[in-house]
1. Hey, could you pull the Cα Rg and Dmax for the chain, both in Å?
2. Got a number for the accessible area of TRP80? Probe 1.4 Å, square angstrom, nearest 10.
3. Which peptide among 51-60, 152-161 comes first, and what is the full order, when sorted by highest mean count of other Cβ atoms within 10 Å?
4. Could you calculate the FRET efficiency of VAL171 with GLU65 from 1/(1 + (r/R0)^6), where r is the beta carbon distance between them and R0 is 22 Å, rounded to 0.05?
5. Let me check against my output: what whole-number percent is the relative contact order of the chain, with C-alpha pairs under 8 Å and at least 6 apart?
6. For segment 3-178, what is the accessible area per residue in Å² when the probe is 1.4 Å?
7. Using the basic label-point model (7 angstrom from Cα toward the beta carbon), what is the SER73 to SER21 distance in nanometres?
8. Mind ranking LYS76, LYS101 by accessible surface for me, highest first, 1.4 Å probe?
Amino acid sequence: MATIFCTATSLDGFIADDAESLTWLFNTPNCEGDPQGRYGDDATLDFDRFIERVGSTVMGVNTLEWLRREAQSSGKPFAWPYEQPSWVVTHRDVEVPDGVKLFQGDVADLHPLLVEAADGRDVWVIGGGDLAGQFADAGLLDYMWVHLTPVTLGSGRPLMPRRLRLHRENVERDGQLTAMLFRVVGPEPD
Ligand SMILES: NC(=O)c1ccc[n+]([C@@H]2O[C@H](COP(=O)([O-])OP(=O)(O)OC[C@H]3O[C@@H](n4cnc5c(N)ncnc54)[C@H](OP(=O)(O)O)[C@@H]3O)[C@@H](O)[C@H]2O)c1
């Protein structure tokens, strides 16, 4: 069981642009749309395999609102995309889909609930970056798994607004994306 921040990021370290758009990501061909494909068939940094090992999820409220806006803009009713027990962190009184729980406060108090709900599988910190950073501050983030996207955005929502030392565990090509798994070592001194 591990707690993993798995996300896509621009080359200059943003997970969303200033307008909270992800078109830069959706416009990037992954292995299905790029002839360079993957390195071999034994890719381990495969999102489909990752999600099978996820036992619970947590996201910040801005990410929830982004999901809601995406559904609205495509004319579809909003449907919660994850079947695992899930939490949204917020100080606001927001409407959440049935079964999704709200939390506010110190993520160190939330983590045991996520672990218990995961029942031996992994906890996925979906984002944003500061939320993942809160888990790292508490020494509770085990891995960062990023899909590096060959685009720069100049500004936006940061990947990890912290000084953290990471240890690279794996790198794989996924079309134009570069999937990288890092173990979190700890705070990087000034
Ligand atoms: N590239 C990717 O793969 C990826 C992945 C995830 C998200 N995103 C994008 O990133 C954007 C959102 O990122 P974001 O950094 O703005 O934030 P976020 O983590 O989705 O939301 C941040 C908000 O959550 C609330 N919050 C955070 N920690 C809390 C705590 N401990 N207790 C209570 N409330 C807490 C606060 O809002 P309140 O105080 O107002 O409640 C905070 O402003 C969205 O556009 C989303 O689509 C991209």
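1. 16.3, 48
2. Its accessible surface works out to 50 Å², give or take rounding.
3. Values: 51-60: 19.1, 152-161: 16.5.
Ranked by mean Cβ neighbours within 10 Å, highest first: 51-60, 152-161.
4. Working: r = 33 Å, r/R0 = 1.48.
Efficiency, rounded to the nearest 0.05: 0.10.
5. Values: 362 pairs, mean separation 71.3, N = 190.
Worked out over the chain, it gives 38 percent.
6. Details: 9230 Å² over 176 residues.
I get 52 Å² per residue for segment 3-178.
7. 0.7
8. On the way: LYS76 130, LYS101 85 Å².
Largest accessible area first, the residues go LYS76, LYS101.
The values are calculated or read from the model by the stated rules, or taken from the named source; none is laboratory data. Because the structure is predicted, anything quoted here is derived from the model rather than measured. Cβ: placed from backbone, ideal geometry, glycine included. Neighbour counts: every protein chain shown. When the accessible area is computed, the model is the full protein with side chains, heavy atoms only, and any ligands, DNA or RNA have been set aside. Shrake-Rupley method; radii C 1.70, N 1.55, O 1.52, S 1.80 Å.
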